[in-house]
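Participant: The structure follows.
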Amino acid sequence: MSLVSERLKVVRPSQTKVMTARAAELRDRGADVITLSQGEPDFDTPSAMCEAAIRAIRDGQTKYTAIAGIKPLREAIRESLRRDHGLDYGIDQITVGCGAKQVVFNALFASLDPGDEVVIPTPCWVSYPDMVALAGGKPVLVACDELHGFKLQSEALKKAITPRTKWLMLNSPCNPTGAVYSRSDLLALAAVLREHVQVHVLSDDIYEKLTYDADFATMAAVAPDLYERTLTVNGVSKADAMTGWRVGYGAGPLALIKAMNLIQSQTSSHTSSISQYAALEALSGRRDHIKEFVRAFFERRDLVVAKLNQATGLACRVPDGAFYVFPSCAGVIGKRTPDGKVIESDTDFAMYLLDAFAVAVVPGSGFMASPYIRISYASSLEELTRACDRIIAACATLS
């Protein structure tokens, strides 16, 4: 009998991790690899948060904390949700986890019974389907056309819902497409959800602060009558360049939050006390750095989109948020490399870019959408220029 659970058979290796690891391997061999596969800001954590962490260590804040997180941090989260979105949560309706990823997993694990369905618009973040499956649920993938900005349409949602549907996953701005759901987009989806009272909304807002040409909106604020059916998830990883600090949070129905805390009590217990005090500073402070981050990402985005649209066989739409572009590579499928190999998929194209031109991107198949590639523009303008020039050259060599 195998020691490893059958449940793990549903889990796919993360394409992001695979490409990043392969790039690191090539770099160790001396290759000048440019890595555009990782989903994290290239900025340092602002000094105010680092200083807050140092103070916490010096003040002896190095013991166990409450499972749900330290009270001052939850109060700061509560205030930020009230200030930014007019959402009113009690402190016991807020939980802090080891990144938004753990918060999402805890929610699914706490709520899904075997066979329960979760509607996931695709392209989607790589972890959603696997987390649903690990929690015993059934991921229901709904393809969202580029013609609609990669956003879920109300008719498609209506068709996907069954009596077993328990959650709708919404990620806006979206990883990998950068799509942002407007207020009117959410109202259209809310109209469908009102007809299906068993369906809850998991609103993953982790890229909330990183928008460019669209205003951010979140379901619990847009449709107050769905407040009791919505879990709002966020964190400090993206907006505050704190990916390694591992602080995410969720706000939602009290019964669900209690169940999530129960699960967390038997797994991680809580995230680092030091990280929590750093996050407290982030959410309580001025966060002036976000404007600088957005300004830099905006400039980088426009550079990358313009460059990629010069590449033969690629077509790149302008994303409204996050720090990714998601160009179609349909125009290179079926073409041959100089050594005669046929590019049969987006994975083939991504590997060709890495092995022949030392640029690491992620194939769209990892995000349940082909033929596309995801490129992170969380790098310097100089590095992005070099990478895009290599991609243009790579496309030019195909015949």
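The values are calculated or read from the model by the stated rules, or taken from the named source; none is laboratory data. Treat the numbers as computed from the prediction; the structure is a model and nothing was measured. Every residue, glycine as well, gets a Cβ built from its backbone with ideal geometry; the counts of neighbours run over all protein chains shown. For the accessible areas, the whole protein counts, side chains as well, though only heavy atoms, and no ligand, DNA or RNA atoms are used. Shrake-Rupley method; radii C 1.70, N 1.55, O 1.52, S 1.80 Å.
Participant: Out of segment 200-230, which residues are of a type outside the set (K, R), open to solvent by 30 Å² or more (accessible area, probe 1.4 Å) and in a loop (DSSP other than H, G, I, E, B)?
Facilitator: Matches in segment 200-230: Y212, D213, D215, F216.
Participant: So, in segment 26-41, how many residues would count as being open to solvent by less than 80 Å² (accessible area, probe 1.4 Å) and either at pLDDT 80 or above or part of a loop (DSSP other than H, G, I, E, B) (or both)?
Facilitator: The total comes to 10.
Participant: For segment 324-363, name all the residues that are touching a Gly at 6+ places or on another chain (Cβ under 8 Å) and aromatic (F, W, Y).
Facilitator: Of everything in segment 324-363, those that are touching a Gly at 6+ places or on another chain (Cβ under 8 Å) and aromatic (F, W, Y) turn out to be Y324, F326.
Participant: Right, another one. Being part of a strand (DSSP E or B) and crowded, with 18+ Cβ neighbours inside 10 Å narrows it down to one residue among Y277, Y249; which is it?
Facilitator: Y249
Participant: Can I ask one more? Out of A68, A107, report the one residue that is small (G, A, S) and in contact with a Ser or Thr (Cβ under 7 Å, 6 or more places away or on another chain).
Facilitator: A68
Participant: Could you please tell me which pairs satisfy a Cβ distance under 6 Å, a separation of 6+ or placement on different chains, a first residue in segment 348-374 that is surrounded by fewer than 24 Cβ atoms within 10 Å (Cβ to Cβ), and a second residue that is polar (S, T, N, Q) and part of a helix (DSSP H, G or I)?
Facilitator: Once the first residue is surrounded by fewer than 24 Cβ atoms within 10 Å (Cβ to Cβ) and sits in segment 348-374, its partners that are polar (S, T, N, Q) and part of a helix (DSSP H, G or I) give S365/T347.
Participant: What's the number of the condition E51 fails, among (1) part of a loop (DSSP other than H, G, I, E, B); (2) closer than 24 Å to V247 by Cα?
Facilitator: It fails just one condition, (1).
Participant: Any idea which of (1) outside any loop (DSSP other than H, G, I, E, B); (2) of a type in the set (V, I, T); (3) open to solvent by less than 60 Å² (accessible area, probe 1.4 Å) is the one V18 doesn't satisfy?
Facilitator: So the condition that V18 fails would be (3).
Participant: Moving to a separate point now. Being touching a Ser or Thr at 6+ places or on another chain (Cβ under 9 Å), outside any loop (DSSP other than H, G, I, E, B) and not small (G, A, S) is the filter; apply it to segment 259-274 and report the residue that is surrounded by the most Cβ atoms within 10 Å (Cβ to Cβ).
Facilitator: Only one residue tops the list, namely M260.
Participant: Cβ-Cβ below 9 Å, separation at least six or inter-chain, first residue in segment 126-141 and on the phi > 0 side of the Ramachandran plot, second charged (D, E, K, R) and modelled with pLDDT of 95 or more: which pairs?
Facilitator: Correct list of pairs: G136/D113; G136/D116.
Participant: Give segment 131-176 a look and list any residue that's farther than 18 Å from H200 by Cβ, open to solvent by less than 20 Å² (accessible area, probe 1.4 Å) and of a type outside the set (S, T, N, Q), or say none.
Facilitator: Within segment 131-176, C144, G149, F150, P173, C174, P176 qualify.
Participant: Turning to a different aspect of this structure: Just give me the residues in segment 96-136 being more than 27 Å from A179 (Cα to Cα) and assigned to a strand (DSSP E or B), in sequence order.
Facilitator: Residues satisfying the conditions do not exist here.
Participant: Still on this structure: In segment 108-123, how many residues are crowded, with 23+ Cβ neighbours inside 10 Å, hydrophobic (A, V, I, L, M, F, W, C) and more than 12 Å from L168 (Cβ to Cβ)?
Facilitator: So the count comes out to 1.
Participant: Restricting segment 375-399 to residues that are of a type in the set (S, T, N, Q) and not in a helix (DSSP H, G or I), which is surrounded by the most Cβ atoms within 10 Å (Cβ to Cβ)?
Facilitator: Step one: of segment 375-399, the residues of a type in the set (S, T, N, Q) are 376, 379-380, 385, 397, 399.
Right, trim to not in a helix (DSSP H, G or I) and you get 376, 379-380, 399.
Numbers: S376: 26, S379: 21, S380: 12, S399: 8.
Among those residues, the one meeting the criterion is S376.
Participant: Given the condition part of a helix (DSSP H, G or I) and either buried (at least 17 other Cβ atoms within 10 Å of the Cβ) or touching a Phe, Trp or Tyr at 6+ places or on another chain (Cβ under 6 Å) (or both), answer yes or no: does some residue in segment 311-323 qualify? Break it down into steps so the answer makes sense when it comes.
Facilitator: First, the residues of segment 311-323 that are part of a helix (DSSP H, G or I): none.
No, segment 311-323 contains no residue that is part of a helix (DSSP H, G or I) and either buried (at least 17 other Cβ atoms within 10 Å of the Cβ) or touching a Phe, Trp or Tyr at 6+ places or on another chain (Cβ under 6 Å) (or both).
Participant: Let me ask something else. Consider I94 carefully, then state whether it is within 15 Å of S203 (Cβ to Cβ) and in contact with a Lys or Arg (Cβ under 6 Å, 6 or more places away or on another chain).
Facilitator: yes
Participant: Do we have V140 as over 22 Å from G39 (Cβ atoms), in contact with a strand residue (DSSP E or B) (Cβ under 8 Å, 6 or more places away or on another chain) and either assigned to a loop (DSSP other than H, G, I, E, B) or of a type outside the set (K, R) (or both) here? Quick ask: steps written out before the conclusion?
Facilitator: Details: over 22 Å from G39 (Cβ atoms): yes; in contact with a strand residue (DSSP E or B) (Cβ under 8 Å, 6 or more places away or on another chain): yes; either assigned to a loop (DSSP other than H, G, I, E, B) or of a type outside the set (K, R) (or both): yes.
Here the answer is yes, as V140 does meet what is asked.
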